[in-house]
Amino acid sequence: MNEATTMVQPDPGPFYFTLGIFFLIMLGIGWYAQSKTKSLSDFLVMGGKAGALVGGFAYFASQYSMSTFMGVPAITYGTGFAGMSISVPGLAFSMIIPALFVGRKLMIMGRRYGFMTMTDYLSDRYESNAIRGVHAIMMLIFVIAMMGAQTVGAGVIYNVFTGGPEWVGVVIMGIVVTIYCIAGGMRGAMLTDVLQGALMVATAIVTFVVTIKMGGGMEAITSKLAATQPTHLTHPGTKDNFPWATYVSMIVMWSFFTIGQPTLFTKFFTMNSYRTMYKAVILGTMGMLFSATLIEWSGVNASTFIPGLTGKQTDFIVPMVLQQSLPPFVAAILITGIVSAGMSTISALLVVATGGVTRDLYQNLFNPRASATHLLSLSRWMTVVLGALAVVIGIEKPAGIFALIRFAFGGLGIWVAPVILGMYWKRATRTGAIAAVILGEVSYIVMVIWYKEWAFGFDPLIICWLCTMVIMVGVSLCTRGASQSTLDRHFDSLLRAERGSTGATASAERAVGART
């Protein structure tokens with residue numbers, strides 16, 4: 001039995017009842033989404049019809065994971081406000097920066113050229129099926145690892161609140177998420193994200209308020225920190241956890257390198273207009289910033305009235321606070337918010353992984369004449385297979401939740417090089433892109449596993465990505481670039497389309513103003 005059960009006493013009744021109702025609602029949303037899912041485009045990118053509310057909630061819900069409500073508050077519990085000074089800014093910019101650099105162009109290309117996946121963009125820009133295959137395979141490896149990490153968290157939550165075996169929680173979450181993704185694809189994932197995102201915000205608010213009350217008020221909490229844990233109020237934190245190299249690495253990682261995450265690419269393809277995209281960015285950013293600040297601050301507050309936790313015990317600081325301060329059914333509802341963080345991330349990753357197999361590998365490389373009905377049916381079957389793989393990883397637990405997520409995030413982050421250079425440098429070539437990402441991925445894996453000291457205190461992703469950029473520029477200058485028609489489609493024609501969309505938006509605004 002997990003060591004946390006000695007601190008959080010299992011109360012299965014309220015937990016089973018609340019989680020059961022929640023799962024039934026999720027399945028109901030999936031059933032509704034199925035009636036609207038008629039094509040591969042519907043399944044993978046919601047037919048490009050997502051509005052600002054759905055888009056904003058879906059982005060921040062899929063960005064948040066189990067570690068947001070368990071691992072990160074554990075860090076702030078042990079390190080103080082220094083931990084918040086890293087993760088909160090990173091989350092605040094994790095949607096704004098990608099939107100500014102690539103979001104608008106991706107949205108236009110998705111609508112003009114029918115792109116549905118990140119691999120669609122890369123293969124078209126670099127005129128290469130080779131890069132399509134390389135990206136699809138690498139993406140699947142890292143995305144499946146991320147999904148497995150989320151199911152690990154579900155197992156731990158189940159064990160702590162029922163006393164049952166962790167594998168049961170892993171299997172239950174895996175089955176529920178797989179079913180509503182089979183039914184509604186991206187529509188099912190994004191619609192469920194709205195409810196899950198709202199539940200996460202509620203969990204963050206209530207947890208913060210409760211910790212203030214349990215700590216005797218903000219003044220009492222601050223005074224106790226100053227008297228007993230003064231390093232919780234300073235930088236680089238207790239035991240010097242966050243020197244400047246780590247500080248810079250973490251902020252850059254969680255903001256800039258989200259550009260390389262396939263789930264973010266897909267979200268831009270789902271937006272129905274330029275204005276919708278920016279409304280969704282603002283809504284998603286506010287949701288992330290607000291809830292991240294409160295849930296992480298709760299970890300700092302809790303260190304004053306639940307002292308002495310060490311090791312894995314700190315991961316359960318939020319569940320402990322909720323169970324000790326709230327009625328069982330209320331606590332169970334908010335614990336469901338933590339489960340939601342994992343489910344929303346898994347659903348987004350699962351649909352993206354399905355697109356990698358069905359769209360990127362099968363349709364584009366092996367059977368370009370496949371019918372829409374066949375592709376939709378194959379997508380649903382692949383969702384089952386990939387969901388089962390995530391469950392297996394969750395049961396086996398090859399690494400800790402946060403370690404697994406961070407490793408997979410870094411592996412995907414390497415692809416920011418061909419994305420950024422492809423969008424802003426006409427001279428970028430397919431040979432340069434393929435050589436750079438292969439060498440970048442190999443160096444990243446080697447550095448993470450064996451030679452961390454080569455990063456000079458920074459996260460290995462930062463160093464490996466810089467090397468990837470240098471390699472890609474050098475090789476591109478020595479190899480043949482894309483054809484003029486491709487360059488026109490990705491630069492000159494796209495620029496005209498951007499100007500046209502801006503003009504259309506302005507005309508619509510003037511028309512509305514005239515009518516009012």
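The values are calculated or read from the model by the stated rules, or taken from the named source; none is laboratory data. These numbers come from a predicted model, not from an experiment. Cβ sites come from the backbone with ideal geometry, for glycine too, and all protein chains shown count toward neighbours.
Only one of these is crowded, with 24+ Cβ neighbours inside 10 Å, among the β-branched types (Val, Ile, Thr), out of contact with any strand residue (DSSP E or B) (no Cβ under 9 Å at 6 or more places or on another chain) and at pLDDT 80 or above: 143, 160, 209. Name it. Give the steps one after another, and end with the answer.
Details: 160 fails: at pLDDT 80 or above; 209 fails: crowded, with 24+ Cβ neighbours inside 10 Å.
The unique qualifying residue is 143.
Please find, within the stretch 163-179, the residue that is surrounded by the fewest Cβ atoms within 10 Å (Cβ to Cβ) out of those that are closer than 20 Å to residue 318 by Cβ and of a type in the set (Gly, Ala, Ser).
Among those residues, the one meeting the criterion is 163.
Condition first: more than 20 Å from residue 423 (Cβ to Cβ) and of a type in the set (A, V, I, L, M). Now tell me which residues in the stretch 433-460 satisfy that.
Of the residues in the stretch 433-460, the ones more than 20 Å from residue 423 (Cβ to Cβ) are 438-439, 441-460.
If the condition is that a residue be more than 20 Å from residue 423 (Cβ to Cβ) and of a type in the set (A, V, I, L, M), then 438, 439, 442, 445, 446, 447, 448, 449, 455 are the ones that fit.
Which one is modelled with the lowest pLDDT among residues in the stretch 428-466 that are acidic (Asp, Glu) and part of a helix (DSSP H, G or I)? Let's see the steps before the verdict.
Pass one, the stretch 428-466, residues acidic (Asp, Glu): 441, 453, 459.
Next cut, part of a helix (DSSP H, G or I) only: 441, 453.
Working: 441: 87, 453: 75.
Of everything passing the filter in the stretch 428-466, 453 is modelled with the lowest pLDDT.
State whether one or more residues within the stretch 212-225 are of a type in the set (Gly, Ala, Ser), over 28 Å from the mean Cα position of the chain (by Cα), in a helix (DSSP H, G or I) and closer than 22 Å to residue 73 by Cβ. Give the steps one after another, and end with the answer.
Step one: list which residues in the stretch 212-225 are of a type in the set (Gly, Ala, Ser), which gives 215-217, 220, 223.
Those still in the list that are over 28 Å from the mean Cα position of the chain (by Cα) too: 215-217, 220, 223.
Remaining after also requiring in a helix (DSSP H, G or I): 220, 223.
Still in the running and closer than 22 Å to residue 73 by Cβ: 220, 223.
Yes: the stretch 212-225 contains one or more residues that are of a type in the set (Gly, Ala, Ser), over 28 Å from the mean Cα position of the chain (by Cα), in a helix (DSSP H, G or I) and closer than 22 Å to residue 73 by Cβ.
Inspect the stretch 264-284 for any residue being outside any helix (DSSP H, G or I) and surrounded by fewer than 24 Cβ atoms within 10 Å (Cβ to Cβ) and give the result as yes or no. Don't jump to the end; show me each part of the working.
Restricting attention to the stretch 264-284, the residues satisfying the condition of being outside any helix (DSSP H, G or I) are 271-273.
Narrowing the set further to residues that are surrounded by fewer than 24 Cβ atoms within 10 Å (Cβ to Cβ) leaves 272-273.
Checked against the condition, which is being outside any helix (DSSP H, G or I) and surrounded by fewer than 24 Cβ atoms within 10 Å (Cβ to Cβ), the stretch 264-284 yields at least one hit.
Go through the stretch 307-320 and give me each residue that's more than 15 Å from residue 331 (Cβ to Cβ) and crowded, with 17+ Cβ neighbours inside 10 Å. Talk me through it step by step, then tell me what you get.
Taking the stretch 307-320 and keeping what is more than 15 Å from residue 331 (Cβ to Cβ), we get 307-315.
Scanning the stretch 307-320 gives 309, 313, 314, 315.
Only one of these is part of a helix (DSSP H, G or I), at pLDDT below 75, of a type outside the set (Ser, Thr, Tyr) and surrounded by 15 or more Cβ atoms within 10 Å (Cβ to Cβ): 506, 497. Name it.
On the way: 506 fails: surrounded by 15 or more Cβ atoms within 10 Å (Cβ to Cβ).
497 is the lone residue from the list that is part of a helix (DSSP H, G or I), at pLDDT below 75, of a type outside the set (Ser, Thr, Tyr) and surrounded by 15 or more Cβ atoms within 10 Å (Cβ to Cβ).
Please list, ordered by first then second residue, the pairs with beta carbon atoms under 8 Å, 6 or more apart or interchain, first in the stretch 301-316 and over 19 Å from residue 208 (Cβ atoms), second part of a loop (DSSP other than H, G, I, E, B).
The qualifying pairs are 313/7.
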